[in-house]
Amino acid sequence: MNAPLVIVGAGHAGGRAALTLREEGYTGRLILIGDEPHAPYERPPLSKGVLQGSADLAGCSLCDGARLAALNIEHLASNPVRLLEPQHQRLQLADGQWLPYAGLLLATGGRARRLPPSEGNVLYLRTHDEALALRAALRPGTRLVIVGGGFIGLEVAASARSLGCEMTVLEAGPRLAGRVLPPVIGEALLNMHRSQGVDVRLNVVLESISPDAVWLVSGERLPCDVVVAGIGMQPNLELATQAGLEVGQGIRVDACLRTSAPNIYAAGDVCEFSVNGLYQRQETWRNAEAQGRHAALNLLGRELAFEAVHGFWSDQYDWGLQAVGVMTPRTVSRPLAGGGVLLFYLDADQRLQGACGWAPGNSVARDIKLCERLITTAMPLSEASLADPERSLKHWLRG
Ligand code: FAD
């Protein structure tokens, strides 16, 4: 009997890869191995609807157990892969069993980066079970301190505030989400959170956490019931490292998402790929979706180079943030209805390379979709027209 195709990591990229293999007509044995007890689900609702109580696990599902069974995808849950032997094309699970593979996808994602051990009630948010534990702690009047002013911290702040919690956000840098967002949008986020009653502190350094307070290096004591650490994600690289695969900040792959070992691919948050000679990882829904699908096609022998326009979104209170493409120094700003803003990023030839917007509701999504189409046309655009809110983005596409 032929060895199966095996996917390690039953998250978004792994789940998408498994579904794609079946959609593309692969009928052989297919095994999806996860260390969580759940079938693949999407994580974005965890910090939004799940915390607020408007979404549950079924609402986050990428494919539930019944669908996996119908597609004859063998899902091994709560049984992490402990050992990988590329030279023998086999791996070992936590329960001791060995599995051979004909082709392997590593989609092991990451886990929430940990703060040093303390006596405080510190919670994290990466998995559904962590979201449930956090949700149970969010009651009106709960004093919550969030360490980290990035997307996860800010989304938790918005969700917890809507549940009546008393919120403080601590950010070590001078801006919110400063690593990924332009200053004008970081500023808009700051104003939004402060106007909602969140005590946002910038340029602060955490000293320690005690059972009922957070201490800053300045000596200030912030009384609190719960601490949430939103200080980034740590890619799950241990398996690849142990197996001798090439790794940097993630599992290194070539243009076809192939790792340095034969018949092993990587996709999603854990995957480090080269863009114009620079290695990068993308920690976004869109990347997990695109790479999971792409790796599946290449597991079937297609040899396709991965090319994607990057993008992400975030929802906070009743506002939406969306970004697509890359940010360049040449920026044009357009005011949007309701106090929002849309930023365009151009290259030296006035061609659109990226866009980022922040606006009420989901209204910015439509603009960002149009920007994505404009990026692919590669046509030169007038800065004055881009800045003019009366000028529809569609006119260039019609032209
Ligand atoms: P994961 O989803 O982390 O899946 C990897 C799986 O592999 C996990 O289940 C892991 O436990 C498992 N695993 C690891 N090691 C092993 C092993 N040895 N054996 C078996 N299984 C293993 N992105 C956006 O673009 N917009 C958003 O609004 C947004 N919101 C988010 C909110 C939250 C709370 C979080 C946590 C993420 C959010 N993201 C968002 C990011 C997005 O969800 C991730 O980029 C995406 O989930 C990455 O998918 P993945 O499959 O690479 O990794």
*Looking at (1) buried (at least 19 other Cβ atoms within 10 Å of the Cβ); (2) in contact with a Ser or Thr (Cβ under 8 Å, 6 or more places away or on another chain); (3) closer than 24 Å to GLU238 by Cβ; (4) not β-branched (Val, Ile, Thr), which is the only condition SER47 fails?*
(3)
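When you go through GLN316, GLN322, GLN350 one by one, which is the residue that is in contact (Cβ under 8 Å) with a residue 12 or more places away in the chain and at positive phi? Even if it seems obvious, please write down each step before you answer.
On the way: GLN316 fails: at positive phi; GLN322 fails: at positive phi.
Being in contact (Cβ under 8 Å) with a residue 12 or more places away in the chain and at positive phi holds for just one of GLN316, GLN322, GLN350, which is GLN350.
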*For PHE273, work out the one condition from (1) part of a strand (DSSP E or B); (2) within 12 Å of the ligand (Cβ to nearest atom) it doesn't fulfil.*
(2)
*Taking the residues in region 240-254 that are open to solvent by 20 Å² or more (accessible area, probe 1.4 Å) and under 21 Å from the mean Cα position of the chain (by Cα) as candidates, determine which candidate is farthest from VAL214 (Cα to Cα).*
ARG252
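Going through ARG302, ARG334 one at a time, which residue ends up being open to solvent by 10 Å² or more (accessible area, probe 1.4 Å), in contact (Cβ under 8 Å) with a residue 12 or more places away in the chain and among the basic types (Lys, Arg)? Before you say what the answer is, go through the steps one by one.
Details: ARG302 fails: in contact (Cβ under 8 Å) with a residue 12 or more places away in the chain.
Just a single option satisfies the conditions, and that option is ARG334.
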*asked:* Condition first: among the hydrophobic types (A, V, I, L, M, F, W, C), touching a residue at least 40 places away in the same chain (Cβ under 8 Å) and more than 11 Å from the ligand (Cβ to nearest atom). Can you find one or more residues in region 32-47 that meet it?
replied: no
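Considering only region 343-362, state which residues are within 27 Å of GLY197 (Cβ to Cβ), crowded, with 18+ Cβ neighbours inside 10 Å and in contact with a Gly (Cβ under 7 Å, 6 or more places away or on another chain). Steps first, please.
First pass over region 343-362, keeping only residues within 27 Å of GLY197 (Cβ to Cβ): 356-362.
Still in the list and also crowded, with 18+ Cβ neighbours inside 10 Å: 356-359.
Within region 343-362, GLY357, TRP358, ALA359 qualify.
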*(1) open to solvent by 20 Å² or more (accessible area, probe 1.4 Å); (2) more than 11 Å from the ligand (Cβ to nearest atom); (3) assigned to a loop (DSSP other than H, G, I, E, B): which one isn't true of ARG126, the others all being true?*
(2)
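Can you find even one residue in region 108-117 that is assigned to a loop (DSSP other than H, G, I, E, B), buried (at least 20 other Cβ atoms within 10 Å of the Cβ) and aliphatic (A, V, I, L, M)? Full working, then the answer.
Step one: of region 108-117, the residues assigned to a loop (DSSP other than H, G, I, E, B) are 108-109, 113-117.
Keeping just the survivors that are buried (at least 20 other Cβ atoms within 10 Å of the Cβ) gives 108-109.
Narrowing the set further to residues that are aliphatic (A, V, I, L, M) leaves none.
No.
The values are calculated or read from the model by the stated rules, or taken from the named source; none is laboratory data. The structure presented is a predicted model; accordingly, all values stated were derived computationally and were not measured. So basically every Cβ, Gly included, is an ideal-geometry build from the backbone, and we count neighbours across all protein chains shown. The area values use the complete protein model at the heavy-atom level, side chains included, leaving out ligands, DNA and RNA. Shrake-Rupley method; radii C 1.70, N 1.55, O 1.52, S 1.80 Å.
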